[in-house]
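For reference, the structure is listed below as structure tokens.
The values are calculated or read from the model by the stated rules, or taken from the named source; none is laboratory data. Since the structure is predicted, the reported quantities are computational estimates derived from the model, not experimental observations. Cβ: placed from backbone, ideal geometry, glycine included. Neighbour counts: every protein chain shown. Just so you know, the surface numbers come from the protein's heavy atoms only, side chains and all, with ligands and any DNA or RNA stripped out. Shrake-Rupley method; radii C 1.70, N 1.55, O 1.52, S 1.80 Å.
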Amino acid sequence: RTGGPSGSGLCGVRGLAGRELPRITSTTQGCGIARPVSVTSVNGIPLSLAATLDCDAATAFERWVRTEALPAIGRTGGGVTQIRIMGHYSCRPRNNQRGARISEHGRGRAVDVGGFRLADGTVVTVEQHYRRGPYRRMMRQMYQAACGIFRTTLGPDSDRFHQDHFHFDVAQHRGGGTYCR
């Protein structure tokens, strides 16, 4: 099913397309998604691969794409034709490090964005364009604007694990604040 009440879209959000999935369970404590969705496009822009998320993460992702990423890119290169997804649901520890807590990816509450394909064929990536080149300013603008839409934002300036993508999640932090690096 792709829509909610009156055909409003996945998770009740008009800009989200995809389908609801059956509950995801795991023998690993802390992993799984009670009501997962498979997001295939956001505001009509296809994802490079379907992202399995919970509705909170999917809704935040749609808001970021609509209010920050698309306006930052605008008509550059003819506009965005694909959003490149590098990570979504995966039952694993943070940063794939043994002994670490379960990642928000293991709860379906995180999405990793590696970049965008533009209509003229240009591929704008976090790895190649966050720090230099003609797309630097727009990449930094959309990344900084993610803080507040998501509760955690990590990118190339945060640590060695996030050099090639933006990590966005909707984790609950002590005190209800955000963690933006």
> Val80: accessible area at probe 1.4 Å, nearest 10 Å²?
Replying inline: 20
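How much of the accessible area of the stretch 3-84, probe 1.4 Å, is carbon plus sulfur, in whole percent? Could you put the intermediate results ahead of the total?
Numbers: 1870 of 3900 Å².
With neighbouring chains kept in place, the figure for the stretch 3-84 is 48 percent.
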> Which of rounded, prolate, oblate describes the stretch 1-84, given a ≥ b ≥ c as roots of the alpha-carbon gyration tensor eigenvalues and a/c under 1.5 marking rounded, otherwise prolate only if a/b is larger than b/c?
Replying inline: prolate
>> At 222 nm, what value in deg cm²/dmol follows for the chain if DSSP H runs of at least 4 each add -39500 (n - 2.57) and the sum is divided by all its residues, to the nearest 500?
In response: -4000 deg cm²/dmol
> Which loop-located trypsin sites (Lys or Arg not before Pro) does the stretch 104-135 contain, where loop means any DSSP state but H, G, I, E or B and the Cβ has at most 15 other Cβ atoms within 10 Å?
Replying inline: Arg131, Arg132
>> With an 8 Å Cα cut-off and a minimum separation of 6 or more residues, compute the relative contact order for the stretch 1-146 in percent.
In response: 18
> How high is the FRET efficiency between Arg98 and Arg75 when r is their beta carbon distance and R₀ equals 30 Å, given to the nearest 0.05?
Replying inline: 0.05
>> Counting heavy atoms of the protein chains only and a 1.4 Å probe, report the per residue accessible area for the stretch 31-181 as a whole number of Å².
In response: 47
> Which shape class applies to the stretch 55-181: rounded if a/c is under 1.5, otherwise prolate when a/b exceeds b/c and oblate if not, where a ≥ b ≥ c are the square roots of the Cα gyration tensor eigenvalues?
Replying inline: prolate
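Taking a ≥ b ≥ c as the square roots of the Cα gyration tensor eigenvalues, with a/c under 1.5 meaning rounded and otherwise prolate when a/b beats b/c, else oblate, which class fits the stretch 137-181?
Taking the square roots of the gyration eigenvalues as a ≥ b ≥ c, the stretch 137-181 is oblate.
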